[in-house]
1. Pop the C-beta distance of residue 183 and residue 68 into the FRET formula with R0 = 22 Å and round what comes out to the nearest 0.05.
2. How would segment 107-151 be classified by its alpha-carbon gyration tensor: rounded, prolate or oblate, with rounded meaning a/c under 1.5 and the a/b versus b/c comparison settling the rest?
3. How far apart, in nanometres, would the label points at residue 59 and residue 193 be if each is projected 7 angstrom from Cα along the Cα-to-Cβ direction?
4. Using Cβ counts within 10 Å as a stand-in for footprinting exposure, how do 57, 212 rank, fewest first?
């Protein structure tokens, strides 16, 4: 008989082999009210599932070797179209059997970050976030917090005072604050129990600083990852990826990481679920 843990592994593995995700998100306007240049997509991918490194192939070419947890790719414009993707556990491609082999449709005009992460119960999942590139008032900065960790509801504090309360996975909240450097931490909702931080955040004028709380409370590897989107007073430019937290990793460049974000992240989910659960049961 299949117990609940085995059922969760089977469900995640089935998702890795069968689920197709497309970036069906609305194209946000830029600061001057226009859409993405030439209708191209601008997409980053955040690998927020601890414990597994992967190699990603698109149209038969290796695009993301040794893609590590904690990595946020730099965004690049991507032509709309269909991409054929194969995702392998690190070192097993291209002659082995891919964990996933899918065609992914990339729509025009998207400005987004795809996050492969754990849900509140610790099951790997994928969430697409639309990045807010609307105008920020003079002297102000936008702070966006995204809860993508296997953890309960949290409050985010700046200078010891709650600024975002009751945030649950996989949701986000944004607010506009004076530009400058603030000390932030994450606590269990309604308490003073710190689960991440404190960490200094440089909130630049006219920018959107996106903070990802990721990892697993049970496994005691919670961490922060930051992403800075600048140019809110004009057409958005590229995204600079910053980082903080115990498990932050160096950024790695990629050219067609959207393929990984929409389908490869699901492969990561299945592979990781099997590895994590089998290790615990052993």
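Bear in mind these aren't lab numbers, they're just calculated from the coordinates by the rules spelled out. The structure presented is a predicted model; accordingly, all values stated were derived computationally and were not measured. Counting neighbours? That spans all protein chains shown, and the Cβs are built from the backbone with ideal geometry, glycine included.
1. Computed FRET efficiency for residue 183 and residue 68: 0.20.
2. On the way: a/c = 6.28, a/b = 1.63, b/c = 3.85.
Cα axes put segment 107-151 in the oblate bin.
3. Once both label points are built, they end up 5.0 nm from each other.
4. Ranked by crowding around the Cβ, least crowded first: 57, 212.
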